[in-house]
Each structure stands twice: as C-alpha cells, then as structure tokens.
Amino acid sequence: METARTRKDIPPWVKVPEDLKDPEVLQVQSLVLKYLFGPQGSRIPHIEQVSQTMFEVKTLESPEFIEILVYGSHNNKLRAKWILQSMAERCRLRLERGMLNLEEAMKNLDLGFLE
C-alpha cells in the first residue's frame, strides 16, 4: 500500500490527502534545475504559489538528472508540469546555444600553433 507523502510545510492550497496522491513526474538535467528554481531553490515557493501546486525535488541514481514531483489538483499539476517542461527546454536550448557560441569563438581564436 502506498503511503501518503508528508511534508511539514504543505501549502494551504493543496488539499490533503487527495492532492498528495498520484503526482506528475518530470525529469530535468541537474544543470537546468538551478535556472528553473534559482540558487538553493529560492524560487520554488513563488512558483508553487502561482501554480497552486507543491513541488518535491528528488535526486536520482544518476547525478545528471533530477526528478520533480508536482502535487496539487489534476489541472494545476498538468499546467505546472507543462510550464516547467517549457522552461527546462528553453534553458537547455540557451545552454546549448552558449556552448556552440563558445566552440565557435574557440575556433576563431585558433592561432595556428598546431600547424
């Protein structure tokens, strides 16, 4: 039997126990997590309040990925998950673009020492 999730600071908009059942699950890269939630998760309370949901962040066996569990009413969970996925994809693309720009700059700086 599955036990209900416990948390000391359950937000008032989350109905216990029905909203704590069957969370939406999202996996994101660890690097993207700080862009989503800020340093040490400082933006989590604000995003929870705006989306009327509650988040739980879990580390996985692979340190490369983090799992975010989203609790709340059905519609709020789905909307919050969609927003987080969109934000994570945007961050991932920006990081990727930055790496491509860095690689291009490194090529442009090549002074021919290896010729």
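The values are calculated or read from the model by the stated rules, or taken from the named source; none is laboratory data. Computed from a predicted structure; not experimentally measured. Heads up, the Cβs are rebuilt from the backbone with ideal geometry, glycines too, and the neighbour counts pull from every protein chain shown.
Where residues in segment 60-80 are under 21 Å from L95 (Cα atoms) and in contact (Cβ under 8 Å) with a residue 24 or more places away in the chain, which of them is surrounded by the most Cβ atoms within 10 Å (Cβ to Cβ)? Full working, then the answer.
Of segment 60-80, the ones under 21 Å from L95 (Cα atoms) are 62-68.
Still in the list and also in contact (Cβ under 8 Å) with a residue 24 or more places away in the chain: 63-68.
Values: P63: 8, E64: 10, F65: 15, I66: 21, E67: 13, I68: 23.
In this case the residue turns out to be I68.
Residues of segment 10-29 that are closer than 17 Å to I47 by Cα and among the hydrophobic types (A, V, I, L, M, F, W, C): I10, W13, V14, V25, L26, V28.
Inside segment 59-75, residues that are closer than 16 Å to D22 by Cβ and part of a strand (DSSP E or B) make up a count of 5.
Do we have E64 as of a type in the set (D, E) and modelled with pLDDT of 85 or more here?
Working: of a type in the set (D, E): yes; modelled with pLDDT of 85 or more: yes.
Yes, satisfied.
Is it the case that segment 32-50 has a residue that's assigned to a loop (DSSP other than H, G, I, E, B), touching a residue at least 12 places away in the same chain (Cβ under 8 Å) and in contact with a strand residue (DSSP E or B) (Cβ under 8 Å, 6 or more places away or on another chain)? No, segment 32-50 contains no residue that is assigned to a loop (DSSP other than H, G, I, E, B), touching a residue at least 12 places away in the same chain (Cβ under 8 Å) and in contact with a strand residue (DSSP E or B) (Cβ under 8 Å, 6 or more places away or on another chain). Residues that are more than 14 Å from Q85 (Cα to Cα) and crowded, with 18+ Cβ neighbours inside 10 Å within segment 28-50 comprise just one, E48. Is it the case, given these coordinates, that V25 is surrounded by fewer than 15 Cβ atoms within 10 Å (Cβ to Cβ), outside any helix (DSSP H, G or I) and at pLDDT 90 or above? Yes: the conditions hold for V25.
A single entry from L100, L95 fulfils the requirement of being within 16 Å of K34 (Cα to Cα) and modelled with pLDDT under 90: L95.
Working carefully through the options S42, S62, find the one that is of a type in the set (G, A, S), within 23 Å of M99 (Cβ to Cβ) and out of contact with any helix residue (DSSP H, G or I) (no Cβ under 8 Å at 6 or more places or on another chain). Can you show your working first?
Numbers: S42 fails: within 23 Å of M99 (Cβ to Cβ).
Answer to the check: S62.
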